[in-house]
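Enquirer: Structure in structure tokens, see below.
The values are calculated or read from the model by the stated rules, or taken from the named source; none is laboratory data. These numbers come from a predicted model, not from an experiment. Every residue, glycine as well, gets a Cβ built from its backbone with ideal geometry; the counts of neighbours run over all protein chains shown.
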Amino acid sequence: MIRHGRTRLVAVLMSAALAAASCAGSDDADTVDDPPASAAESDDGAADADDPADDTATNDEPDSEPADDQPVPLEDENQTTSAGEGDADTATLEPVAGGEITWGLTNDGTGFNTTGAIAPGSIRVINSMTEPLVALTVDADWAPGLAESITPNDDFTSWTITMRPDLLFHDGEPVDGESVRANLQAFKDSPTVGFALGPVESITTVDELSVEVAMSSPWASFPFQLNGQAGWMVSPSTIGTNETFVSTGPFMLEDWTPGDGARVVRNPNYFRADEGLPYLDAINFKFLVDATVKRQAIESGDVQGYVSPSDEDVVDYLDDDAIDVWIGTAGANEYLWLLNTTVPPFDDIRVRRAMAHATDRDFLIEQFRSNLTTPADGPINSSSQWYTDAGYPGFDPAAAQALVDEYEAEVGPIEFELSIEPNADVIEFSEVMMSFLADVGIDGTIKEIGQGQSAITAIQDDYQAFSWFQFGSPDPDGVYVFFHSSGGVLNWSNLVNSDIDEGLDKGRQSDDPAVRREGYAQYLKGLAEQVPMLWIDHLNGVEAAVTIPELNGIGTPGMLVDGSPSLPMTSGNFFAWTQVWLEQ
Amino acid sequence: MIVVARRLARLVFVFFVVTFVTFFLLDRAPGDPAERLAGLNATPEVIEGLREELGLNGSLFERYSRWLGNAVTFDFGDSIVTRGFSSWDLIRESLPKTLELMILAEIMAIGIAVPLALASARRPGGLIDKVSSSTAFGLLALPSFVLGIYMSYLFGVRLGWFPTIVDNLPGLNDDPLENLRQMFLPSLTLALNLVGVYLRLLRSDIIETLQQDYVMLAQARGLSERRIMWRHVLRPSSLNFTTAAGLNVAGLIGGAFIIEVLFAINGMGRLVIQSVVLEDFNVVAAVVAILTVAYVLVNFAVDLLYSILDPRIRHGAR
């Protein structure tokens, strides 16, 4: 039996490098059993400026002990995971079917329209009710999930998706080729999210169980897109509906009350029901807006877990024997400031570089993140196989001062406005950042915008600098549209740079890790030179899943349909609810 | 009858003023609901279509008139954020919980304050009076969000007697015990803030009433103290208390908003807070309209209650 009251720390990593380091890459991209080698998770592409939550994680060494319970960045050279005693305990336990839990949600859901922008709260609920076309292996490579096979042609300009026979939606309708085509087409046609399938030219039904997706240009990492929102299949009659979600996953929506939460119950027709999955009878998702309320609720046993968006719970509960903490250490979003490179003063590269030189990221991480995060110098974590040190300007106040002096002599004083959503913690963080800038003569002021207005404001280019949380895709291709000049309005900083474009294209079109690495090095070089964003940190480590010890299966690898271990998913969005179980 | 008509006219006037001001303020708030709903990458045509669909085009007065015309039939428009739900759907879900919370809080507050006030007034300066007065001042000084956290910690986390959150609340008809178990802590938290006010008001009024000649006459006639206090003292001492209770409805609504967040109750407070944060203006306008009507109606009822409590008011009008 697991010893109750023991703090378990499972640090779970998930960056692309992580995947690549272990998957070693298959040279044969044409078979389902041996998918193209690249390691990543898809990014659903939806901007999420107020929720640093879109990460997944992997855990290659579940039995290793944590170094200690100190709040330090948890990662290792091999991109694998260190794990606590709880993992070993769990491994010795036989899962038990039955029971229901209440899971706290930090964000309220706003609906389930798979062709629209979906709120983080909704995504957490959806994750229990759907099984995307593509799953992620423990090595963070892709593998067929709901689909039976996903096969490219030789040059990755066409992919054939074949479904498993006898799959049913929650409403009893068959999951066939036509329903998959309808879902993908609706997603592609959506003005809100369709950009994520930019290269897709056509989607046609091949036979009863298959569809062919034709691309305008090679897209070797396309399957990763199908691990996210694009890969959620819903009953055709409900495509585009917001108030219900009829999909294929282990749980079915029983009730959703906006502002309160949702209740999902076991799907008796789940295609893995013969494996005894899912274990739980039901999950109540309860919207708990206040951090203190969440803590009291888990301490009293009124909820069995939640995802904490800050370092406070991690630091406090690591030493609490009654609460388990599961930390995702890579693949999390980044905190950064977007700089609009088309308006003064950020249309001058000297100002952008001066800001980077003036900002002491280590100090900020120590003061605001309890040293749990890692400094960022781009959208790729340094633990990723795709990372290269491209020479992003480091903390050097003298260099910053020199650039500022040069600029001011030519143009005049440097002043700017930082747009920011009304979040007291982020505002405080930004004020300290501004003090660094003020030290070298860059004067910033804060402009508060409405909650949830970040993306719209950025799209309209109605900003100079912008406080931002985003990216977090371990595979660089997941953020293609946000940096490539073809991204249009989603190229937030409006930077057009040949190194960035060529590098991203090279990475997208090849499945050869060496070629991809070369492409992404070029892309990072462009970003480091041009500094269209002021990078602060990768938020790995601060977003933790907090659970009661009796809840098992979160943060540890599950099992894919073929019996191989799956990526343990520890961000709020991607728990493998299928294999979560409760000690009775 | 004339009084009732006047009150109703005042209600209509207040309703117009409050809803229009709310509408005006929401109109001036930053952000465009249509753009927000359209999401990223939306074309101007899509946004314009949504604006038309949501009734966001036209002048402020046109939109207000349109909204008002629909509101009288409880059609407050669709929620812009949770598509597929009307504003009234969301209110219908949350209103009963807020009403129950407020009613339970009032019952608890009165249930605690009245006996304590009577006991305190009987022996001013006595032990009960001193303790209850000190407690009352303490409760008055303690904000409900602090009190709520402590109550939740003590009775929920430490003692485990009551849940710290309200979850899957059954209807009072379906499972009254479970309903009351879940609503006990939030109601008590809300009530305790009222107890201080009610206790202080009632105590001083009862002490004053006890000096009246008819009370002394009753005592001289040998009526029991209990009978005198409950039958002859409490009622005439309740005018200020009743006024406070009526006026407190607004405070109670505000307090309920905080309590709903602290105990995760899906009530009107949380609904309006979320709607403001997410700029779901149709819902905000609807909630404000309903709360305005409710507030004015409650105070209207309090006015009517005066004449029942004190016959001098009823007869004095003649």
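Enquirer: Would you check if there is a residue in region A:480-495 being part of a loop (DSSP other than H, G, I, E, B) and without any contact (Cβ under 8 Å) to a residue 60 or more places away in the chain?
Expert: Going through region A:480-495, the residues part of a loop (DSSP other than H, G, I, E, B) turn out to be A:484, A:491-495.
Add one more test, that the residue is without any contact (Cβ under 8 Å) to a residue 60 or more places away in the chain, and what stays is A:484, A:491.
Checked region A:480-495: at least one residue is part of a loop (DSSP other than H, G, I, E, B) and without any contact (Cβ under 8 Å) to a residue 60 or more places away in the chain.
Enquirer: To continue, here is another question. Only one of (1) aliphatic (A, V, I, L, M); (2) over 26 Å from A:S467 (Cβ atoms); (3) buried (at least 19 other Cβ atoms within 10 Å of the Cβ) fails for A:L288. Which number is that?
Expert: If we test A:L288 against (1) aliphatic (A, V, I, L, M); (2) over 26 Å from A:S467 (Cβ atoms); (3) buried (at least 19 other Cβ atoms within 10 Å of the Cβ), just (2) comes out false.
Enquirer: Then there's this: Keeping to region A:266-309, report how many residues are within 14 Å of chain B (Cβ to nearest Cβ) and either closer than 20 Å to A:A119 by Cβ or among the polar types (S, T, N, Q) (or both).
Expert: Residues flagged as within 14 Å of chain B (Cβ to nearest Cβ) and either closer than 20 Å to A:A119 by Cβ or among the polar types (S, T, N, Q) (or both) within region A:266-309 amount to 18.
Enquirer: Here is a further query. So which residues in region B:218-237 are hydroxyl-bearing (S, T, Y) and either part of a helix (DSSP H, G or I) or surrounded by 14 or more Cβ atoms within 10 Å (Cβ to Cβ) (or both)?
Expert: B:S237
Enquirer: Another question, then. Looking at region A:105-163, which of its residues are at pLDDT below 85, outside any loop (DSSP other than H, G, I, E, B) and within 15 Å of the chain's Cα centre (by Cα)?
Expert: Scanning region A:105-163 gives A:P120, A:G121, A:L136.
Enquirer: Moving on to the next point. When you go through B:L201, B:L154, B:L190 one by one, which is the residue that is in a helix (DSSP H, G or I) and within 14 Å of chain A (Cβ to nearest Cβ)?
Expert: Going through B:L201, B:L154, B:L190 in turn, the sole match is B:L154.
Enquirer: Taking the conditions exactly as written (surrounded by fewer than 20 Cβ atoms within 10 Å (Cβ to Cβ) and over 27 Å from A:S370 (Cα atoms)), does A:E428 satisfy them or not?
Expert: Spelling it out, it is not the case that A:E428 is surrounded by fewer than 20 Cβ atoms within 10 Å (Cβ to Cβ) and over 27 Å from A:S370 (Cα atoms).
Enquirer: Taking region B:241-266 as the search range and keeping residues that are at the interface with another protein chain (Cβ under 9 Å from one of its Cβ atoms) and of a type outside the set (S, T, N, Q), which one is surrounded by the fewest Cβ atoms within 10 Å (Cβ to Cβ)?
Expert: Filtering region B:241-266 down to residues at the interface with another protein chain (Cβ under 9 Å from one of its Cβ atoms) leaves B:261-266.
Narrowing further to those that are of a type outside the set (S, T, N, Q): B:261-265.
On the way: B:V261: 21, B:L262: 27, B:F263: 32, B:A264: 27, B:I265: 25.
That would be B:V261.
Enquirer: If I ask for residues that are of a type in the set (A, V, I, L, M, F, W, C) and either surrounded by fewer than 17 Cβ atoms within 10 Å (Cβ to Cβ) or over 36 Å from the mean Cα position of the chain (by Cα) (or both), which ones from region B:193-217 would you list? Talk me through it step by step, then tell me what you get.
Expert: Going residue by residue through region B:193-217, those that are of a type in the set (A, V, I, L, M, F, W, C) are B:194-195, B:197, B:199, B:201-202, B:206-207, B:210, B:215-217.
B:M216, B:L217 - these are the residues of region B:193-217 that are of a type in the set (A, V, I, L, M, F, W, C) and either surrounded by fewer than 17 Cβ atoms within 10 Å (Cβ to Cβ) or over 36 Å from the mean Cα position of the chain (by Cα) (or both).
Enquirer: Could you tell me how many of the residues in region B:185-214 are out of contact with any Ser or Thr (no Cβ under 7 Å at 6 or more places or on another chain) and within 26 Å of B:S238 (Cβ to Cβ)? Before you say what the answer is, go through the steps one by one.
Expert: As a first pass, look at region B:185-214 and keep what is out of contact with any Ser or Thr (no Cβ under 7 Å at 6 or more places or on another chain): B:186-188, B:191-192, B:194-198, B:200-201, B:204, B:207-208, B:210-214.
Filter once more, so that each one left must be within 26 Å of B:S238 (Cβ to Cβ): B:187-188, B:191-192, B:194-198, B:200-201, B:204, B:207-208, B:210-214.
Residues in region B:185-214 being out of contact with any Ser or Thr (no Cβ under 7 Å at 6 or more places or on another chain) and within 26 Å of B:S238 (Cβ to Cβ): 19 in total.
Enquirer: Out of (1) more than 10 Å from every other protein chain (Cβ to nearest Cβ); (2) more than 17 Å from the chain's Cα centre (by Cα); (3) buried (at least 18 other Cβ atoms within 10 Å of the Cβ), what's the single condition that is false for B:E279?
Expert: (1)
Enquirer: Can you give me the number of residues within region A:230-250 that are in contact with a strand residue (DSSP E or B) (Cβ under 9 Å, 6 or more places away or on another chain) and either within 14 Å of chain B (Cβ to nearest Cβ) or under 20 Å from A:P191 (Cβ atoms) (or both)?
Expert: 5
Enquirer: Now a separate question. Just one of the numbered conditions (1) outside any loop (DSSP other than H, G, I, E, B); (2) modelled with pLDDT under 95; (3) surrounded by fewer than 19 Cβ atoms within 10 Å (Cβ to Cβ) is not true of A:N371; which one?
Expert: Failed condition: (1).
Enquirer: Right, another one. How many residues does region A:172-211 contain that are within 15 Å of A:F222 (Cα to Cα) and among the hydrophobic types (A, V, I, L, M, F, W, C)?
Expert: Result for region A:172-211: 8.
To keep it simple, each residue is scored yes or no on (1) surrounded by 13 or more Cβ atoms within 10 Å (Cβ to Cβ); (2) within 14 Å of chain A (Cβ to nearest Cβ); (3) not aliphatic (A, V, I, L, M).
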{"site": "B:A9", "(1), (2), (3)": "no, no, no"}
{"site": "B:R28", "(1), (2), (3)": "no, yes, yes"}
{"site": "B:E35", "(1), (2), (3)": "yes, yes, yes"}
{"site": "B:P44", "(1), (2), (3)": "no, yes, yes"}
{"site": "B:E52", "(1), (2), (3)": "no, no, yes"}
{"site": "B:N57", "(1), (2), (3)": "no, no, yes"}
{"site": "B:N70", "(1), (2), (3)": "yes, no, yes"}
{"site": "B:W88", "(1), (2), (3)": "yes, yes, yes"}
{"site": "B:R92", "(1), (2), (3)": "no, yes, yes"}
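Enquirer: Out of B:N168, B:N173, I need the residue that is within 14 Å of chain A (Cβ to nearest Cβ), surrounded by fewer than 15 Cβ atoms within 10 Å (Cβ to Cβ) and at pLDDT below 90. Which one? So that I can check it myself, show each step before the final result.
Expert: Values: B:N173 fails: within 14 Å of chain A (Cβ to nearest Cβ).
Just a single option satisfies the conditions, and that option is B:N168.
Enquirer: May I ask you to say which residue of A:V489, A:V496, A:V580 is surrounded by fewer than 21 Cβ atoms within 10 Å (Cβ to Cβ), farther than 23 Å from A:T373 by Cα and at pLDDT 85 or above? First the steps, then the outcome.
Expert: Details: A:V489 fails: at pLDDT 85 or above; A:V580 fails: surrounded by fewer than 21 Cβ atoms within 10 Å (Cβ to Cβ).
Among A:V489, A:V496, A:V580, only A:V496 is surrounded by fewer than 21 Cβ atoms within 10 Å (Cβ to Cβ), farther than 23 Å from A:T373 by Cα and at pLDDT 85 or above.
Enquirer: Restricting to region A:188-202, and then to whatever is within 19 Å of the chain's Cα centre (by Cα) and not aliphatic (A, V, I, L, M), can you tell me which residue is nearest to the other protein chains (Cβ to nearest Cβ)?
Expert: From region A:188-202, those within 19 Å of the chain's Cα centre (by Cα) are A:192-197; that's our starting set.
Subsequent filtering for residues that are not aliphatic (A, V, I, L, M) retains A:192, A:194-195.
Details: A:T192: 4, A:G194: 8, A:F195: 6 Å.
Residue satisfying both the conditions and the ranking: A:T192.
Enquirer: Take the residues in region A:312-364 that are of a type in the set (D, E) and not in a loop (DSSP other than H, G, I, E, B); name whichever of them is surrounded by the most Cβ atoms within 10 Å (Cβ to Cβ).
Expert: A:D324
Enquirer: Something else now. In this structure, does A:L372 turn out to be in contact with a Ser or Thr (Cβ under 6 Å, 6 or more places away or on another chain) and under 25 Å from A:N540 (Cα atoms)? Walk me through it before giving the result.
Expert: Details: in contact with a Ser or Thr (Cβ under 6 Å, 6 or more places away or on another chain): no; under 25 Å from A:N540 (Cα atoms): yes.
Judged against the criteria, A:L372 is not a match.
Enquirer: While we're here: Kindly provide the set of residues from region A:524-555 that are in a strand (DSSP E or B) and closer than 18 Å to A:G301 by Cβ, ordered by number.
Expert: A:A545, A:V546, A:T547, A:L551, A:N552
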